[in-house]
């Protein structure tokens, strides 16, 4: 992983090199064409940053935002859309571990640990329904045998 600057693009793009491919996989950007990959975990999640570009009241402005690319995807995710900071914004994702925890630097130069919110996997209602029906049949069969 890293950055590539193909001749057709003025700015560099985050790329992912794989041993079975002779050319890198170009990862996406946010909206301005420039991105950088900094780290990858064993699940294939990549973090880094990408430049955003905005026209605010006729003034053009660009900022760097901390970015995540999920395994197998070339769609850049702005980490600022997933968190709420008391001030500033996440400007660069530096590292990601195998738990999906990300170290990111914000616009105030503070280091932030981002931990994914993993909700418990709910047991589908159909399993409960099946279990209660099965228990009812077992109880009914025992009652029939007792009579």
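Rule-based calculations on the coordinates, nothing more; no lab input. Here the structure is a predicted model, which means the values were calculated and not measured. Don't worry about glycine lacking a Cβ; one is built from the backbone with ideal geometry, like all the others, and counts go over all protein chains shown.
Fully extending the segment from residue 107 to residue 31, taken as 0.36 nm per residue of separation minus the present Cα-Cα distance, adds 25.4 nm.
When 29, 106, 98 are arranged by Cβ crowding within 10 Å, least crowded first, meaning fewest neighbours, the order is 98, 106, 29. Counted by neighbouring Cβ atoms within 10 Å, the residues 77, 111, 96 run from fewest to most as 111, 77, 96. Ordering 60, 89, 36, 53 from the fewest to the most neighbouring beta carbons within 10 Å gives 60, 53, 89, 36.
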